[in-house]
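Bear in mind these aren't lab numbers, they're just calculated from the coordinates by the rules spelled out. Bear in mind that the values here come from a model prediction, so they are computed numbers and not experimental data. Because the Cβ atoms are built from the backbone with ideal geometry, glycine has one as well, and the counts that use them run over all protein chains shown.
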Ligand SMILES: Nc1ncnc2c1ncn2[C@@H]1O[C@H](COP(=O)(O)OP(=O)(O)OP(=O)(O)O)[C@@H](O)[C@H]1O
Ligand SMILES: [Mg+2]
């Protein structure tokens, strides 16, 4: 059914404007990050990599980048492992209250970050985990792991349980059957969860603000501090690099989605 | 037959601008008839139906309803009922609300709407189901509601696109009978799409056979079965033995093994190649003994036996032996005599 | 069957322990801090005991004066006086100086303490001071929960409005609610036509347009808010462009205003509205529209009676998601908003970091949590589906 031509023109026009609104700020930041001067005006009137150079040579930015990636990688590993295990367990188990359990495990997803941050700040202070990278990794894992659980559970819906029975009939013990039969079939979901976990950790700011020690700046925290201090294009270089990362995440998640769709059709 | 309700004139449709999906279609639908569009998958049946309903525009040609062209009339003003293949019952409305939809659009008074819903539910034998949501109905029940919804605003014409395609055989036959009754009772014109030939034969006043976007033949069920217009129709409807032959004269053909076959008079010039089609059930099985065929295989099918014979130089000649007489079923290997009545042979020019 | 359940339990246990230990228990403890009251009982145990037995008429017995002088001195020694002073000052402004002064003078005070304390600070001669001390004896208090709704307790236990100059939390919650509602309304209104158009576009275009929505969805909230911070500067590109076009006479100060907050929030949250709507709409079968048309419905009727109700679950899910995220948002208002545009999250952060007032941080968190819980529950009831979040 086609719309009235006028309605169609209006709808498409509105859509184009909204998409422009969504993307223009990002484009502006990318363009301004190559500005040769401190002035942030459009058009920038030149091209230079000096702010990227500044980013790569300034100790605090380098340290923040390193911290961010160390924490994100550790978080991804931990969240993917724990989340996948839990999702498989939830799928296998035949017990009552499963829905409640899923809700509990994914609760951090719907809790305002500030509340999570306050709670962790308080609890970790008691056991002395604040100000350590380990504490930060645990905190990020808590907020990242629901995405892994949800992604893996979704893929598990399409997994044929008879495959596990077949594996058992062929003599595979349960753990082996999971590893050799189930995991190879659901890996796109696991990987999608991992990408989301990595992205969540890399972007996370509010919890880091409370949990990290004085010296433990991550990229978002460093960006926030720098913006409040004085606005330099170096921040835009950092923003551009983070933006680039998010494009990579998007690419990865789309590739995985197509993989999963193809697996489903096969 | 009577008055013409719909006429397609030289209608062509192409989705990509190159390959025609429907080509040079000329088709008249008579008022009150049950017309079936039958054809293999992808032959353009749905496309034809959708052009009539107004959901697709013809690339060229014209469609007229009661003599007036409807090319520019939007679907919602055509007043044509449509039953969709997947039912398309609105999931957010109850059965009664679905039925009320076309009536409230037409601003009928409330009492009238309620009365019509009651009658419609009665008609499809679901009187107690008005308050259910479509998701709470079985496939057959949903199909009945879809039918009732397409009929409730009393359209002149109802289009049905493989309405029974998703149902199992028994339910399908039950609903076929219901559709036939409703058609007979309401006298509404129906255009029905299916690729199930038994269904087409059961239901239709006329059948239009589609192939590659063209109508191959349009006629009564008996005519398309008994007098197929071309080899495609002969092969598509029912089972048939197809043999290549040489024309001897106006009533005789020569088979590949040299034997002769008698036919009703035909107009093909002597000496040319031709194609004949013979229905297996028209083959007369004669006595055992030194005959003209050898039984290769026998399949018992309850009401009849299906014999595969070696005949006229081929090993896949099929004959059907009805189980009415007490004649013993021949066993594989026996020689028998078969006869082919002249009026059972349909002759087509070769190629 | 039983063995499978053991395996399942084994697989779930590690994550459950992490979530329990690192999220559920901490959140529970934090919420408990909204009612917990132990500073005074810990630092001044004897005073609390004497006051608990006191009938509340007139002034307490001499023993109470003696105990408070001694225990305040001891608390100063043990560096616990700060907690007590903060707790009492929160109940009544000015108590801090009274307590600190008394603690520092404790060594010099002599019996009769009732006289020497009153001589040191007149507050000790007021019954209210003692009633306040008694009500702070723990173990629980409704002080923070009441204050977070602009109420306060009178010394005799009644509940009254807080003093005018201390009333701000009801306004704060209303503001948070109002900004979130406005942002949600704008997001839903903008997202619906976009989701519709994308769902109806043809093959390559629909994926391209969807990707353009996914790009901001995947990029960090902070990066996007920073982008607005840069764009909206006085010397920034937006002002530059508006000045260049002659639409402005002088550069406008947008950073630090409500407009900047709403703009940044809409930008950050819009993809969360578009995506659920889009996913519902792409799953809508176009034959419903055809069926409606075959039954006589015109374009507007098809939209209002078929498409809109069928796509409503997506609208609800998207709207709930945006509201949920907006209500708890810290980053965007903190970066581009002024002091008067801050939402609940910012106040919680301040109570944690600047004032170190755990009670108030916990009380505000409790109300915020109740608010989001209500939204999630409402959305789940209305849509019967999952509502998740990110950001
Ligand atoms: N919207 C469309 N866009 C492009 N091609 C289409 C479209 N709809 C149908 N076609 C093509 O047109 C041809 C005829 O399709 P149509 O649906 O009319 O066939 P049909 O006879 O109804 O087949 P079936 O029995 O499988 O339903 C097919 O080759 C199909 O691939
Ligand atoms: Mg079809």
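Below, the figures for the structure above:
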| item | result |
| --- | --- |
| Whether chain A is rounded, prolate or oblate, judged on the alpha carbon gyration tensor where a/c under 1.5 counts as rounded | oblate |
| Cα long-axis angle, helix B:95-105 against chain B (0 to 90 degrees, to the nearest 10) | 70 |
| Cut-off 12 Å (backbone N to label point 7 Å along Cα→Cβ of residue A:132), residues of the stretch A:108-125 | A:124-125 |
| Binned Cα-Cα distance frequencies in the stretch B:239-349 - 5 Å width, integer % | 2, 12, 23, 24, 17, 11, 7, 3, 1 |
| Nitroxide proxy distance, nm - points 7 Å out along Cα→Cβ at residue B:114 and residue C:382 | 3.2 |
| Hydrodynamic radius by Kirkwood, which averages 1/r over all alpha carbon pairs of the stretch A:1-65, in angstrom | 14.9 |
| Two-site FRET efficiency, residue A:49 against residue C:308, from Cβ-Cβ distance with R₀ of 56 Å, rounded to 0.05 | 0.65 |
| At q = 0.08, 0.09, 0.12, 0.15 Å⁻¹, base-10 log of I(q)/I(0) for chain B (Debye sum, equal scatterers on each alpha carbon) | -0.52, -0.63, -0.94, -1.20 |
| Acute angle (nearest 10 degrees) that the helix C:169-200 long axis makes with the longest principal axis of chain C, alpha-carbon atoms | 10 |
| Percent RCO, i.e. relative contact order, over the stretch B:239-349, from Cα pairs under 8 Å lying at least 6 residues apart | 31 |
| For chain A: relative contact order, % (alpha-carbon pairs under 8 angstrom, 6 or more apart) | 29 |
| With Cα atoms, 0 to 90° folded angle of helix A:5-32 axis to chain A main axis | 70 |
| Net lengthening on full extension, residue A:95/residue A:69 (0.36 nm per residue, minus Cα-Cα) | 5.5 nm |
| Average other protein chain Cβ within 10 Å of Cβ, residues A:202-211 | 4 |
| Residues residue B:154 and residue B:28, FRET efficiency given R0 of 30 Å [Cβ-Cβ distance, rounded to 0.05] | 0.85 |
| Highest-first arrangement of B:100-111, B:235-246, C:364-375, where packing means the average Cβ count within 10 Å | C:364-375, B:235-246, B:100-111 |
| Beta bridge orientation in chain B: antiparallel %, DSSP, nearest 5 | 75 |
| Estimated distance in nm for a label pair at residue C:284 and residue B:198, the labels positioned 7 Å out from Cα along Cα-to-Cβ | 4.0 |
| Virtual spin-label span in nm between residue B:180 and residue C:181, 7 Å along Cα→Cβ | 6.4 |
| Mean Cβ neighbour count within 10 Å, used as a protection proxy, ranking C:232-244, A:173-185, A:112-124 highest first | A:112-124, C:232-244, A:173-185 |
| Largest to smallest principal axis extent of the C-alpha atoms in chain C, angstrom | 96, 76, 38 |
| For the protein assembly as shown, share of DSSP beta bridges that run antiparallel, in % to the nearest 5 | 75 |
| Theoretical ellipticity at 222 nm over chain C - DSSP helices of four or more residues, -39500 (n - 2.57) apiece, nearest 500 | -21500 deg cm²/dmol |
| Shielding by partners - mean other protein chain Cβ count within 10 Å, residues of C:21-34 | 6 |
| Efficiency of FRET from Cβ geometry, residue A:183 and residue C:63, R₀ 41 Å, rounded to 0.05 | 0.05 |
| Zero-based 10 Å bins, Cα pair distances in the stretch A:68-213, whole percents | 12, 37, 30, 16, 5, 0 |
| GNM top mover of A:249, A:159, A:95 - chain A, alpha-carbon springs below 10 Å | A:95 |
| Estimated [θ] at 222 nm from DSSP helical runs (n ≥ 4, -39500 (n - 2.57)) normalised by residues in chain B, nearest 500 | -7000 deg cm²/dmol |
| Per-peptide average of other Cβ atoms within 10 Å, ordering C:250-262, B:66-78 highest first | C:250-262, B:66-78 |
| Cα gyration tensor shape of the stretch B:11-90, rounded if a/c is under 1.5, else prolate or oblate by comparing a/b with b/c | rounded |
| Cα gyration tensor, the protein assembly as shown - rounded (a/c under 1.5), prolate or oblate | prolate |
| Per-residue average of Cβ from other chains inside 10 Å of A:99-112 | 6 |
